[in-house]
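The values are calculated or read from the model by the stated rules, or taken from the named source; none is laboratory data. Just so it is clear, the structure is predicted and the values come from calculations on it, not from any experiment. Please note: Cβ atoms are built from the backbone with ideal geometry, for glycine as well, and neighbour counts cover all protein chains shown.
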Amino acid sequence: MQTQAKWSMFSTAVSQQRGFSLIEMMAVVFVVSLAFGLSIFLFSDKDEERKLIKAIERFTLLSQYASEMASVDSEAYGLILEPPAWREDPLTQGWRYRWQRLGNGGWVDVEAFGSEEFAPGVDLVVSIEGQEWVYEEEPIAMVPIIGFFPGGDITPFEVEISHQELSTEPQHIGVNAWGDIVWQERAEAEEEAEMFRETF
């Protein structure tokens with residue numbers, strides 16, 4: 001009798017439970033999908049930002065290295081920049097750059113440096129001696145637009161780098177007052193951090 005009473009209570013409790021309605025299930029699916037989509041967007045955004053930072057770092061380091069090698073080799077080094085408009089597929093290819101060395105036979109590629117390129121969506125604004133570099137059709141023969149010379153002289157330049165799909169501030173690489181190639185925003189951040197450490 002006691003067992004029958006327990007079974008009766010259990011069956012009553014089960015019968016009183018109701019399942020999720022269709023609207024409730026759709027709401028849960030919507031919230032989960034929204035959270036998943038937002039996480040993908042945020043992570044992909046951060047991933048693009050990391051890639052851009054690495055690309056800027058590499059461009060800066062290679063520029064500094066070219067300046068040093070010009071003095072070591074006693075030969076002029078030059079930087080060739082190719083905008084997407086000069087590439088085979090401007091919609092899917094970004095800015096490309098490579099290095100050359102001035103020898104007895106003229107400018108030749110520096111194979112050790114290789115050819116580098118920025119991802120599609122990265123924009124460059126190049127200024128040479130205070131004037132924005134305006135490019136039109138691809139020239140028949142490419143020559144460097146920025147020179148690094150044995151005596152330590154460098155063509156005064158500034159490259160502003162930004163990304164079409166990121167809300168980050170444009171970054172600038174150029175020659176400072178002492179003739180060094182610097183990533184301006186990073187140098188300023190390092191100076192501020194140093195001042196903060198000295199204060200405390």
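Could you give every pair whose Cβ atoms fall below 7 Å, whose first residue belongs to the range 103-121 and is surrounded by 12 or more Cβ atoms within 10 Å (Cβ to Cβ), and whose second residue is in a loop (DSSP other than H, G, I, E, B) and polar (S, T, N, Q), counting only separations of at least 6 or pairs across chains?
From residues that are surrounded by 12 or more Cβ atoms within 10 Å (Cβ to Cβ), the pairs are P120/T92; P120/Q93; G121/Q164.
Would you mind stating whether G179 is of a type outside the set (D, E, K, R), modelled with pLDDT under 95 and on the phi > 0 side of the Ramachandran plot?
yes
Looking at (1) modelled with pLDDT under 95; (2) under 16 Å from P120 (Cβ atoms); (3) buried (at least 16 other Cβ atoms within 10 Å of the Cβ); (4) not aromatic (F, W, Y), which one does S67 not meet, given that it meets all the others?
Result: S67 passes all but (2).
Here's a check for you: in the range 48-106, which residue that is among the β-branched types (V, I, T) and outside any loop (DSSP other than H, G, I, E, B) is farthest from Q184 (Cα to Cα)? I'd like the intermediate steps shown before the answer.
Within the range 48-106, the subset among the β-branched types (V, I, T) is 53, 56, 60, 72, 80, 92.
In the following step, the residues that additionally are outside any loop (DSSP other than H, G, I, E, B) were identified as 53, 56, 60, 72, 80.
Working: I53: 13, I56: 11, T60: 10, V72: 25, I80: 21 Å.
Residue satisfying both the conditions and the ranking: V72.
Considering every residue within the range 114-124, establish whether at least one is at pLDDT 95 or above, closer than 22 Å to G152 by Cβ and either of a type outside the set (A, V, I, L, M, F, W, C) or in contact with a strand residue (DSSP E or B) (Cβ under 6 Å, 6 or more places away or on another chain) (or both).
Looking through the range 114-124, none of the residues is at pLDDT 95 or above, closer than 22 Å to G152 by Cβ and either of a type outside the set (A, V, I, L, M, F, W, C) or in contact with a strand residue (DSSP E or B) (Cβ under 6 Å, 6 or more places away or on another chain) (or both).
Give the residues of the range 122-164 that are aliphatic (A, V, I, L, M) and surrounded by fewer than 18 Cβ atoms within 10 Å (Cβ to Cβ), sorted by residue number. Walk me through it before giving the result.
Residues of the range 122-164 that are aliphatic (A, V, I, L, M), as a first pass: 122, 124-126, 128, 134, 140-143, 145-146, 154, 159, 161.
Correct list: V125, I128, V134, I140, A141, M142, V143, I145.
For the range 74-87, indicate whether the set of residues that are in contact (Cβ under 8 Å) with a residue 40 or more places away in the chain, charged (D, E, K, R) and touching a helix residue (DSSP H, G or I) at 6+ places or on another chain (Cβ under 7 Å) is non-empty. Full working, then the answer.
Quick first cut of the range 74-87, residues in contact (Cβ under 8 Å) with a residue 40 or more places away in the chain only: 74-83, 85-86.
If we keep only those that are charged (D, E, K, R) as well, we get 75, 82.
With touching a helix residue (DSSP H, G or I) at 6+ places or on another chain (Cβ under 7 Å) added as a condition, the list becomes none.
Looking through the range 74-87, none of the residues is in contact (Cβ under 8 Å) with a residue 40 or more places away in the chain, charged (D, E, K, R) and touching a helix residue (DSSP H, G or I) at 6+ places or on another chain (Cβ under 7 Å).
Which residues, counting only those in the range 111-152, are closer than 21 Å to Q171 by Cβ, under 22 Å from the mean Cα position of the chain (by Cα) and not in a strand (DSSP E or B)?
If the condition is that a residue be closer than 21 Å to Q171 by Cβ, under 22 Å from the mean Cα position of the chain (by Cα) and not in a strand (DSSP E or B), then F118, A119, P120, G121, W133 are the ones that fit.
Of all residues in the range 159-196 being among the small types (G, A, S) and part of a strand (DSSP E or B), which is nearest to M69 (Cα to Cα)? Give the derivation first.
Quick first cut of the range 159-196, residues among the small types (G, A, S) only: 162, 167, 174, 177, 179, 187, 189, 193.
Still in the list and also part of a strand (DSSP E or B): 162, 174.
Numbers: S162: 28, G174: 18 Å.
If we take residues in the range 159-196 being among the small types (G, A, S) and part of a strand (DSSP E or B), then G174 is nearest to M69 (Cα to Cα).
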